[in-house]
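The values are calculated or read from the model by the stated rules, or taken from the named source; none is laboratory data. For clarity, every value in this text was computed on a predicted model and none was experimentally measured. Methodologically, a virtual Cβ is constructed for each residue, glycine included, from the backbone with ideal geometry; neighbour enumeration extends over all protein chains shown. Accessible surface is based on the protein model in full, side chains and every heavy atom, while ligands, DNA and RNA are left aside. Shrake-Rupley method; radii C 1.70, N 1.55, O 1.52, S 1.80 Å.
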Amino acid sequence: MKAAVLRQPGTPLVIEDVAISKPGPREVLIRTLAVGVCHSDLHFIEGTYPFPMPVVLGHEAAGIVEQVGSEVRSVKPGDHVVTCLSAYCGHCEHCVTGHLSLCVSPDTRRGKEDEPRLSEIQSLKPVNQFMNLSSFAEQMLVHENACVSIRKDMPLDRAALLGCAVITGTGAVFNTAKVRPGETVAVIGCGGIGLSTINGAVLAGAGRIIAIDRLDSKLELARRFGATDVINASEGDVVKQVLELTRGGVHHAFECIGLKQTFEQAFGMLARGGSATVIGMIKPGQKIELHGLDILGERRIQGSFMGSNRFPVDMPRLVDFYMQGRLKLDELISQRLKLEHINEAFDELRRGELARSVIVFDQ
Ligand code: ZN
Ligand code: ZN
């Protein structure tokens, strides 16, 4: 099968033929139909985060099940599925207490002794699987608990986005922060995740939703997603503006970028008793500075990883929201590209102007 392979950080992806193994007892072989190009893929291409090479990146996908292993019960061939990097084992402490997205059990991966899921055609050397998925490829071989079947009238190019950006943004609102009707929300960064966070806040019934970004084009999009107020971060002190707008701060601030400055801003714009939910990936080694006294006002900070998801439940619900017109996905897709043009999607991402590129495969 064709796949976009990263051989070395800082180099473009190369389309190569890669061998894919057969499903083991609990594995599922999926024909990839669409995959979103996410900012975290770019972090690995640029080497900000280390990962063993060569690797097939991609982690926001949807497709159709081709083959299942002998013990798979949750999906069957022909099912339309969305994948999620939050593969869960189902029996560790995190899983049995309902925190599936925190599972780190190795049970969803193949062991070191086993044949790798992906390998080079000639040398048979392993090609690393990214986040148990490796979606920049015509097929994916995953654990059954890394995908969920969805209704077949859902368009798969839009379904793909649920797999990372949308579950991350909406999940941060529903599961991590538990925003209640009428509460005020600020969202820093209006890319795919930020816009999904805004959409989640609308669904949760938030009162005022303040979108913050440096690009007017993204703020315009934020308004279409339901932001009630927008602030261009390149004009003046963001924290001061939010405190003025809300007369004392927001109940919830969501950081969707992953920078020290925006992290500190998210905390700084909280009302007493408010909570800052940090979604963005902060560089390893980066420290954060806060005024210790602010914590006395019962302000809280929490991380949100993949929207604290229970994706087998969350994703079908998000699909229903989309089908009812309450979850915006069409507006999130700024361009559709073939796998051969995947490097162009990363160029766009570096420029930071578009919401989301989606790679589509021929059916
Ligand atoms: Zn992602
Ligand atoms: Zn587990």
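For segment 138-194, the convex hull spanned by the alpha carbon atoms encloses 141 Å³ per residue.
Bridgeable aspartates and glutamates around Lys76 (alpha carbons under 13 Å apart, same-chain partners fewer than 8 residues away excluded): Glu27, Glu66, Glu144. Largest first, the three principal axis extents of the alpha carbons in segment 168-305 are 37, 30, 28 Å in whole numbers. With Cα atoms as the point set, segment 47-178 shows a radius of gyration and Dmax of 15.4, 50 Å.
Ellipticity at 222 nm from helices only: DSSP H runs of n ≥ 4 in the chain, each -39500 (n - 2.57), divided by the residue count, give -6500 deg cm²/dmol. Of the DSSP H helices in the chain, not one has a Cα length along its own long axis of 30 Å or more together with a mean Kyte-Doolittle hydropathy reaching 1.0. Using a cutoff of 8 angstrom between alpha carbon atoms and counting only pairs six or more residues apart, the relative contact order for the chain works out to 18 percent.
Treating r as the C-beta distance of Asp17 and Glu340 and R0 as 22 Å, the FRET efficiency rounds to 0.95. Note on Ser105 and His291: the model spin-label points, each 7 Å out from Cα along the C-beta direction, lie 4.6 nm apart.
Can you tell me the length gained on complete extension of the stretch Gln122 to Gln67, counting 0.36 nm per residue apart and subtracting the Cα distance?
This chain segment gains 17.4 nm when fully extended.
Computed from label points 7 Å out along Cα-Cβ, the spacing between Glu93 and Phe51 is 2.9 nm. Over the chain, what is the percentage of antiparallel beta bridges among all DSSP beta bridges, to the nearest 5? Of the beta bridges lying entirely in the chain, close to 55 percent run antiparallel. Distance between the C-alpha centres of segment 245-294 and segment 21-60: 30 Å, rounded to the whole angstrom. For the chain, a Gaussian network of Cα nodes joined below 10 Å ranks Glu244, Glu289, Glu27 by mean-square fluctuation, and the top entry is Glu289. Cα-Cα over 30 Å: which of Lys178/Lys260; Lys112/Lys178; Lys218/Lys283; Lys218/Lys338; Lys112/Lys328? Pairs exceeding 30 Å: Lys112/Lys178; Lys112/Lys328. The mean accessible area for residues of the chain, using a 1.4 Å probe and ignoring ligands and nucleic acids, is 44 Å² per residue. Treating each Cα of the chain as one equal point scatterer and applying the Debye formula with no solvent, the log10 of I(q)/I(0) at q = 0.06, 0.14 Å⁻¹ comes out as -0.21, -1.14. The share of alpha-carbon pairs in segment 257-363 lying farther apart than 17 Å comes to 71%. Set the Förster radius R0 to 25 Å, insert the Cβ-Cβ distance between Asp347 and Glu244 as r into 1/(1 + (r/R0)^6), and round the FRET efficiency to 0.05. Efficiency for this residue pair is about 0.10.
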